[in-house]
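A.B. asks: Encoded as structure tokens, here's the structure I'll be asking about.
The values are calculated or read from the model by the stated rules, or taken from the named source; none is laboratory data. These numbers come from a predicted model, not from an experiment. Cβ atoms come from the backbone with ideal geometry, glycine included; neighbour counts cover every protein chain shown.
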Amino acid sequence: MTPVWLFDLDNTLHNAGVHIFPHINRAMTVYLARRLDLSHEEASALRMHYWSRFGATLRGMVRNHAERPADFLAATHQFPDLGALLVFDRALLASLRALPGRKYIFSNAPRSYVDEVLRLTGLDHVMDGSFAVEDLGYQPKPQIRAYRAVLRRLKVPASRCIMVEDTAMNLRPAHCLGMRTVWITPHAAPRPLWVDLQLRNARQLRRGLRRIQTSAGGKS
């Protein structure tokens, strides 16, 4: 049976660490400082704490400050020229097309951002669909409700899915549900028990496919 691929977007299929994440981090820090009457240093520390604690700054703001998700995302994901900030290897498009099965984006980012990145990179012609944070009921990864929401929408069992992510902690719920998991990281690091395959970049997925399928082991 052909797999269903679930791809994270930022730092999995394109390099957001060079320009995009610094831009978002600055915007979030400014927003938190204004919204909560904090100094720049306090706001930056709180942003990082919420990301570490909840997997997304948005989650911490909603939980602890009754933040309206749409307002937060609109204020922190403004890009006058997103194309100028993108770092994307277009050779990845052919690598992804060569993978068997349906392919979907599974992102914590807002819909407007996801759609624009897909359009600018050409990934919209490779993917069969996408899930943004709005589609998850603003319950971002690693909240297990996000993964279950995707499975319900796709109407497939977790055992058919292969999740590809750069954030290792986001793969743990996927593994617990029965998905196969691929961790994309350019750094040498110990492979967590919930990761089936560790690769330096997504272009290596085709070569690693047999190992991913073999790693299913007792999963069914």
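A.B. asks: Condition test on Val182, is it in contact with a Lys or Arg (Cβ under 7 Å, 6 or more places away or on another chain), free of Cβ contacts under 8 Å to residues at least 40 places away in the same chain and among the hydrophobic types (A, V, I, L, M, F, W, C)?
C.D. replies: Numbers: in contact with a Lys or Arg (Cβ under 7 Å, 6 or more places away or on another chain): no; free of Cβ contacts under 8 Å to residues at least 40 places away in the same chain: yes; among the hydrophobic types (A, V, I, L, M, F, W, C): yes.
No; evaluated as a whole, the condition is false for this residue.
A.B. asks: Could you pull out the residue among Phe106, Phe54 that is within 21 Å of Val133 (Cβ to Cβ), modelled with pLDDT under 95 and either under 17 Å from the mean Cα position of the chain (by Cα) or of a type in the set (D, E, K, R) (or both)? Outline the logic, then answer.
C.D. replies: Values: Phe106 fails: modelled with pLDDT under 95.
Of Phe106, Phe54, the one residue that is within 21 Å of Val133 (Cβ to Cβ), modelled with pLDDT under 95 and either under 17 Å from the mean Cα position of the chain (by Cα) or of a type in the set (D, E, K, R) (or both) is Phe54.
A.B. asks: Let me ask you something else. Looking only at helices (runs of 4 or more DSSP H) that fall completely inside segment 132-220, which ones have 3 or more residues that are over 21 Å from Trp51 (Cβ atoms), over 17 Å from the mean Cα position of the chain (by Cα) and at pLDDT below 95? Show your work before the answer.
C.D. replies: Working: elements: 144-154, 171-177, 205-214.
Qualifying helices (runs of 4 or more DSSP H): 205-214.
A.B. asks: Could you give me the residue pairs with C-beta distances under 7 Å whose first residue belongs to segment 60-75 and is surrounded by fewer than 14 Cβ atoms within 10 Å (Cβ to Cβ), whose second residue is part of a helix (DSSP H, G or I) and of a type in the set (Ser, Thr, Tyr) wherever it lies, and which are 6+ apart or on separate chains?
C.D. replies: none
A.B. asks: Something else about it: Restricting to helices (runs of 4 or more DSSP H) lying wholly in segment 1-112: which have 1 or more residues that are among the hydroxyl-bearing types (Ser, Thr, Tyr)?
C.D. replies: On the way: elements: 20-36, 40-54, 57-65, 69-76, 82-85, 91-97.
Where helices (runs of 4 or more DSSP H) fall fully within segment 1-112 and carry at least 1 residues being among the hydroxyl-bearing types (Ser, Thr, Tyr), they are 20-36, 40-54, 57-65, 69-76, 91-97.
A.B. asks: Hey, another quick one. Please go through segment 132-155 and pick out each residue that is in contact (Cβ under 8 Å) with a residue 60 or more places away in the chain, of a type in the set (A, V, I, L, M, F, W, C) and surrounded by fewer than 21 Cβ atoms within 10 Å (Cβ to Cβ).
C.D. replies: The one that is in contact (Cβ under 8 Å) with a residue 60 or more places away in the chain, of a type in the set (A, V, I, L, M, F, W, C) and surrounded by fewer than 21 Cβ atoms within 10 Å (Cβ to Cβ): Leu154.
A.B. asks: Being crowded, with 18+ Cβ neighbours inside 10 Å, among the aliphatic types (A, V, I, L, M), without any contact (Cβ under 8 Å) to a residue 24 or more places away in the chain and outside the structural domain of Met28 (by TED's automatic domain parsing) is the requirement here; does Ala158 meet it?
C.D. replies: Values: crowded, with 18+ Cβ neighbours inside 10 Å: yes; among the aliphatic types (A, V, I, L, M): yes; without any contact (Cβ under 8 Å) to a residue 24 or more places away in the chain: yes; outside the structural domain of Met28 (by TED's automatic domain parsing): yes.
Taking the combined requirement at face value, the residue satisfies it.
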